[in-house]
Amino acid sequence: MKSGTPLPPGLYHVLVNIIPRIVVPVVASYAAIHLGLAHLTMVHNRILLFLLSMITLYLIFTAGSFIHDYNQRRIASRFNAIPVPVMRGRWRLPGNADMIIRMIRGVTADYNNQWLAEIVVDWGDTFNLRIFGVDNIFTTNPAYIKQMIVTDFAIWVKGKERFTNLMHSFLGDGVFNSDGAMWKFHRSMTRPFFARDKIVHFDTFAVHADEAITKIRERSGKPVDFQDISARFTMDSATTFLFGESVDSMAAPLRLPHGERDDPQPHASSTTPSFPDAFQTVLKATAFRLVVGLDWPLFEFWGDKVKRHMEPIYDYIEPILQRALEQGAAKGTIEGKDVEEGPEEHETLLEHLVSVTSAAMYFLVTEDSSILQTLRKEITNVVGSTAVPSYEQIKDMKYLRAVLNETLRLLPSVPGNRKHSTESSIWTSPETGIRYYIPKGVDTSWSVILMQRRDDLWGPTALDYDPMRWLDERNKQYYLANPFIFVPFHGGPRMCLGQQASVDALTILFALNEASFFIIRLLQTFDDISFAPDAFAPGMLPPPEWKESTLGRKAMEKVWPMAHLTMYLKVRVLLPTVL
């Protein structure tokens, strides 16, 4: 849908896309049959005419699909290759229509990526998820993922029709939603934010970590919504880091667990508590667009839901940005760039700076207690019981890094991604030697969360949370032998900006520095942290039937991992703490 049209999104979509794509062929087919059979008596039976027109339309689409497949096989044979196999839904409905229901249910009401894991069992790690004639190639093969994001990076883009247009209400034309020259421009503009001299000083983290810990102390040992706390810490730290001024989300009252009376005290220092909620709403609404694809306007028929929820975000960000621009204009430059050099890049970075702290604490308090004990011991030995950690100390904490790596392996910040091909290419399987022909103009997607749990890539304990796999012989046997089996931030030239810790060393991530700092300060402050399942509202924990699953970690989880554009936990990780 074109931006700025005066028509509601749904109405514009119906007039411009639905009618030409569906209504016109149906009417044309109906009219053709009516004229062709005008001499027959049955032409007056409108129901029969309609059924005949639908059958004719189906045959036309089927013939088109057959011709498409034939051409793909013919072209692929020139390169001694084959097309990626097209998977079929369980019900074998025309156009794989049943997959739409399965996909929406899988995204909204099942374990993250479980519906894809079930398809992988039947169809292997690479298949064509074709729905109503539109191809979408899916893979969990690290060789193909590497080819898209590194080897053949230049021919794989986000794609305007199926990504950037869907995301424009949220990401605009920024670095996360642009391709080619525009992406390179934004990349050059944002890279200076992540220079080494900016991310090795932890004053910002210290201020907001102290605010978070004060909030937890105020609960006096009662359960705390830790995902809420860590999200606020991330939001305040990121906005201070980027803009020099926090949105002050920590000032709003904490979310209370189920059963407690919510009687928040006024917080005059907070402009409004709606920023975090609006941000999460935008993420979820945008992610739903990616699920339903080009027909998203039908679900936002009379108005752009994302744009509406962006308003409180702009209310926060624009005054802060304006002050920064005015200060920079007074000096003539902003971050070494002329003020007039390029567009603002304020709303596009926050989405990718999601802290992994909440997921790490979930594993620390629900898995083997020795993991938490070992981490506490390392913190005490390296940093001490009260000292503020430094960049060099965090860099030397091997076990803490292993804890975060293992967290990102099982619950990656970005569980999947997608690309659009601008040229044809060949994918060659390193295991079988099969050559797949990938045509120009096709969309592809891949699942990082499924790839990073494959036992053929990570060994028989792939589903277990075990930080020691990063420190013992398994690290050399699996990860170091094939580094692209672990890409939670996605590798290649388009790698997450937060992973660029310095020009000389790329080993420390901005997001991991933030998570490391907060975890250290938490474990220095609180003697005992544990999981509190009784504090959750009914229906928020994984349903009992999950225990019957024999595929993946579904039966093992104590919370419900979900994703919008990034991973989050459907339930809030509530932790009772002892001071």
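The values are calculated or read from the model by the stated rules, or taken from the named source; none is laboratory data. These numbers come from a predicted model, not from an experiment. Cβ coordinates were reconstructed from backbone atoms using ideal geometry, including for glycine residues, and neighbour counts include every protein chain displayed. The accessibility values were calculated without ligands, DNA or RNA, using every heavy atom of the protein model including side chains. Shrake-Rupley method; radii C 1.70, N 1.55, O 1.52, S 1.80 Å.
Please go through (1) part of a helix (DSSP H, G or I); (2) surrounded by 12 or more Cβ atoms within 10 Å (Cβ to Cβ); (3) at pLDDT 70 or above for Leu49 and return the number of the only condition it doesn't satisfy. Exception for Leu49: condition (3).
When restricted to residues that are outside any strand (DSSP E or B), farther than 28 Å from Leu364 by Cβ and touching a residue at least 12 places away in the same chain (Cβ under 8 Å), the range 432-472 contains 5. For the range 288-313, residues that are open to solvent by 20 Å² or more (accessible area, probe 1.4 Å) and assigned to a helix (DSSP H, G or I) total 14. Scanning the range 132-149 for residues that are open to solvent by 30 Å² or more (accessible area, probe 1.4 Å) and either in contact with a Cys (Cβ under 7 Å, 6 or more places away or on another chain) or among the β-branched types (Val, Ile, Thr) (or both) yields a total of 1.
Given the residues Tyr12, Tyr70, Tyr30, Tyr58, which is the only one that is among the aromatic types (Phe, Trp, Tyr) and either at pLDDT below 70 or touching a strand residue (DSSP E or B) at 6+ places or on another chain (Cβ under 7 Å) (or both)?
Details: Tyr12 fails: either at pLDDT below 70 or touching a strand residue (DSSP E or B) at 6+ places or on another chain (Cβ under 7 Å) (or both); Tyr70 fails: either at pLDDT below 70 or touching a strand residue (DSSP E or B) at 6+ places or on another chain (Cβ under 7 Å) (or both); Tyr58 fails: either at pLDDT below 70 or touching a strand residue (DSSP E or B) at 6+ places or on another chain (Cβ under 7 Å) (or both).
After ruling out the rest, the residue left standing is Tyr30.
When restricted to residues that are modelled with pLDDT of 95 or more and within 15 Å of the chain's Cα centre (by Cα), the range 411-443 contains 0. Looking across the range 411-431 at every residue that is in a loop (DSSP other than H, G, I, E, B) and under 11 Å from Asp152 (Cα atoms), the one that is most open to solvent (accessible area, probe 1.4 Å) is identified as Glu423. State yes or no: is Arg323 open to solvent by 50 Å² or more (accessible area, probe 1.4 Å), over 21 Å from Met556 (Cα atoms), at pLDDT 90 or above and part of a helix (DSSP H, G or I)? No, not satisfied. Within the range 484-526, the set of residues being at pLDDT 85 or above, surrounded by fewer than 21 Cβ atoms within 10 Å (Cβ to Cβ) and assigned to a loop (DSSP other than H, G, I, E, B) comprises Phe526 only.
Is at least one residue of the range 554-569 more than 23 Å from Asp203 (Cβ to Cβ) and at pLDDT below 75?
Checked against the condition, which is being more than 23 Å from Asp203 (Cβ to Cβ) and at pLDDT below 75, the range 554-569 yields at least one hit.
Select from the range 259-282 the residues that are buried (at least 18 other Cβ atoms within 10 Å of the Cβ) and over 25 Å from Pro223 (Cβ atoms) and write down the one among them that is modelled with the lowest pLDDT. Across the range 259-282, the extreme among qualifying residues is Ala278.
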